[in-house]
Amino acid sequence: MSTIPFYIVDVFGEKKYAGNQLAVFRHTADLPQTLLQQIANETNFAETTFIASDEQVNGGYNVRIFTPDTEVPFAGHPSLGTAFIIQKEIEQRSDQEEHGDSGSTVVLNLGVGQIPVAPDSSGKLWMKQNPPQFGRTADAAVIAEILGISPDELEPDYPVQEVSTGLASIIVPLRSLEAVHSCRINPIAYERFLADAFRANLLVFCRETVHEDNDLHVRVFCEDSGFPEDAATGSANGNLAGYLLKYEVLGSSRLQYRVEQGYMIGRPSLIHVNAEKIDDQFAISVGGLVHQVARGEWIIE
C-alpha cells in the first residue's frame, strides 16, 4: 500500500478551528493531475496544496494549488499554510511549535512565479504579493443585483473594479456593516455576470467592524470555485490593498491595518496587511497566524 504524508492547518485564525482550513500534501511530483484534483475534491477545502518534493528547484519549492474544481496559479492562505508546513516538517525548524519561527524566508514556486513567505518574531507569516493589475470597472446596479442589496448600499465615491495580484477579485465598497452582512448571492445574476468575461471572486468591504481593534470588515464570495464564501482570503485582501492605495480610500499611501473576515460562516479570521505606494510602485504584504490541526497518511493505492 502506497501512502503520502498530509497535514491540516488553519490559516489566519487567532486560534485552532478558526481561520481558513488547508490540506497540504508532500511527495506529489509523480502523481497525475487527475488524482491531485480528486484529492482536492475529497478534502473539499477552499484550497488544497501539493508540494512536489522536499528538494528545492531554483531556490524554491514547487507547489500546486487546487480548489475542489480546478487548479489555480496563486492563492493567499495556501501560500502561508504551505510555507508553515515546509518550515516545520521539511526544514524541521523547531523554535516554535505552534507558529512559524523568526527564521529565513521560504520561497514557493507557484503558477504566478516565485512567492516569498517570511516569518516574523510574533509568529505571523507574511507573503509579498505581486504588483496589482487594475482591470475593468463594473456597473454598481449589476453588482447590487448579484449581492441582493440596494444600489444605495454601495459607496458612491469609489468604483467597483477588478483587481489582481495573481488571482482576480471584484472589489465592492459598501457603506455599512449591515450592508455587508445583508449580502446574499443571486446565482442567476452571478452566472450572467461571469458570462460577461469577468472571472473573479467578489470582495465586499466596509470600514465598520465587529471588533473595534480591526480596521475593515470583509466578505469574499467564490460561487464559481465550488464553495459560496471564503473564510479568509489572502490573495483577495492583497487585491483590496492595491485598490485602497490607488483610490486613497484610507487617506494614505502607506497602510498598516487589520481585516476581519469569515464571521458570517463561523470561521472568524484576522488578516494583517502592510502596503505602500510610491509613485506608481506598489508593495503589498499580507500576513497572519497558522495553526497545525492534524497530520496523517493518505492512501494512494
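Nothing in this text is a laboratory measurement; each read-out follows from the coordinates by a stated rule. Everything numeric here is computed off the predicted structure, so don't read it as measured data. We place every Cβ from the backbone using ideal geometry, glycine too, and count neighbours over all the protein chains shown.
So how far apart, in nm, are the two label points at residue 57 and residue 70 if each is 7 Å from Cα heading toward Cβ?
2.3 nm
Where does segment 133-288 land on Rg/Rh, using Cα atoms and the Kirkwood Rh?
Looking at segment 133-288, the ratio lands at 0.93.
Using the beta-carbon distance between residue 114 and residue 189 and R0 = 35 Å, what value does 1/(1 + (r/R0)^6) give for FRET efficiency, to the nearest 0.05?
Taking R0 as 35 Å, the efficiency between residue 114 and residue 189 is 0.40.
So for 207, 219, 184, fewest C-beta neighbours within 10 Å to most, what's the order?
184, 207, 219
When the convex hull of the C-alpha atoms of the chain is computed, what volume per residue in Å³ does it have? Intermediate values should be presented prior to the final figure.
On the way: hull volume 38.3 nm³, N = 301.
Per-residue hull volume (Cα only) is 127 Å³.
Using +1 on the beta carbon of Lys and Arg, -1 on that of Asp and Glu, and nothing else charged, what's the dipole of the chain about the Cα centre, debye to 20?
220 debye
Cβ under 12 Å from residue 286's Cβ, residue 286 left aside: what net charge do those residues give with Lys, Arg +1 and Asp, Glu -1? All intermediate terms of the calculation are to be shown ahead of the outcome.
Details: positive: 124, 128, 258; negative: none.
Counting the neighbours of residue 286, the net charge comes to +3.
So what is the relative contact order for segment 1-149, in percent, with contacts set as C-alpha pairs under 8 Å and at least six apart?
On the way: 264 pairs, mean separation 23.1, N = 149.
With pairs under 8 Å counted, the relative contact order is 16 percent.
Can you sort 1, 127 so the residue with the fewest Cβ neighbours within 10 Å comes first?
On the way: 1 6, 127 25.
So the residues, fewest neighbours to most, are 1, 127.
Please order 260, 297 by the number of other Cβ within 10 Å, starting at the fewest.
By the 10 Å Cβ count, ascending, the order reads 297, 260.
Using a Förster distance of 22 Å, how high is the FRET efficiency between residue 297 and residue 105, based on the Cβ-Cβ distance and rounded to 0.05?
Efficiency at R0 = 22 Å is approximately 0.15.
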